[in-house]
1. All but one of (1) at pLDDT below 70; (2) closer than 20 Å to Phe106 by Cα hold for Asp53; which doesn't?
2. Of the residues Ile80, Ile105, which single one is touching a helix residue (DSSP H, G or I) at 6+ places or on another chain (Cβ under 6 Å) and outside any loop (DSSP other than H, G, I, E, B)?
3. Residues that are touching an Asp or Glu at 6+ places or on another chain (Cβ under 6 Å) and modelled with pLDDT of 90 or more: does segment 81-97 have at least one?
4. If you take the residues of segment 129-141 that are surrounded by 18 or more Cβ atoms within 10 Å (Cβ to Cβ) and touching a helix residue (DSSP H, G or I) at 6+ places or on another chain (Cβ under 8 Å), which of them is farthest from Leu64 (Cα to Cα)?
5. Restricting segment 1-38 to residues that are assigned to a helix (DSSP H, G or I) and surrounded by 15 or more Cβ atoms within 10 Å (Cβ to Cβ), which is modelled with the lowest pLDDT?
6. Across segment 83-102, what is the number of residues that are under 20 Å from Glu36 (Cβ atoms) and either in contact with a Gly (Cβ under 8 Å, 6 or more places away or on another chain) or in a loop (DSSP other than H, G, I, E, B) (or both)?
7. Is it true that some residue in segment 65-79 is surrounded by 13 or more Cβ atoms within 10 Å (Cβ to Cβ), more than 16 Å from the chain's Cα centre (by Cα) and hydrophobic (A, V, I, L, M, F, W, C)?
8. Look at segment 111-128 and say how many of its residues are under 23 Å from Leu51 (Cβ atoms) and either hydrophobic (A, V, I, L, M, F, W, C) or surrounded by 17 or more Cβ atoms within 10 Å (Cβ to Cβ) (or both).
Amino acid sequence: MKKWIYTFPLMMLLGGCAMFEKVGPSELIIHDTHEEKVHIINEKLQKSEELYDTIIIAGEDKILVSYKVHHMNRFHMKKIEKKIKKWTEEEFPDQEVDVSSDYKIFLESYNLFQSWEDGSLSIEEAQKKLDKIITLKNDLT
């Protein structure tokens, strides 16, 4: 009986810790010309404590950065977006980088990422989907 008194709380503690696994940034590079830029953006976003899940998609001429913000930082979403946008403009002045914290854009980006990983999309189809997501993002703002 005494074993269970100590074992049960230990199991609950260890099981609860598994729920807080941090998911890192996901990268999707459709065209290899932006590979280095995507890695630089990825490293920068990994250092950010406000974000917990990001997807970076590099297309032919555009890069899309979509992310989720920790719950306690939801009031600062516009400030975080401005900070990331300003950094990308300073770091890559010749590159068009779209930044979005919108959850719908994140989900569409995730679906594109999953389809690309499954191998069910060609380069042209992935580029069309990326352009559609960026158009959707611009329509929402």
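The values are calculated or read from the model by the stated rules, or taken from the named source; none is laboratory data. Note that the structure is predicted; figures quoted are calculated from it, not measured. Every residue, glycine among them, receives a Cβ derived from its backbone with ideal geometry; neighbour counts consider all protein chains shown.
1. (1)
2. Details: Ile80 fails: touching a helix residue (DSSP H, G or I) at 6+ places or on another chain (Cβ under 6 Å).
Of the residues listed, the single one that is touching a helix residue (DSSP H, G or I) at 6+ places or on another chain (Cβ under 6 Å) and outside any loop (DSSP other than H, G, I, E, B) is Ile105.
3. No: zero hits.
4. Top of the filtered list is Lys129.
5. His34
6. Within segment 83-102, residues that are under 20 Å from Glu36 (Cβ atoms) and either in contact with a Gly (Cβ under 8 Å, 6 or more places away or on another chain) or in a loop (DSSP other than H, G, I, E, B) (or both) number 4.
7. no
8. Total satisfying the criteria: 3.
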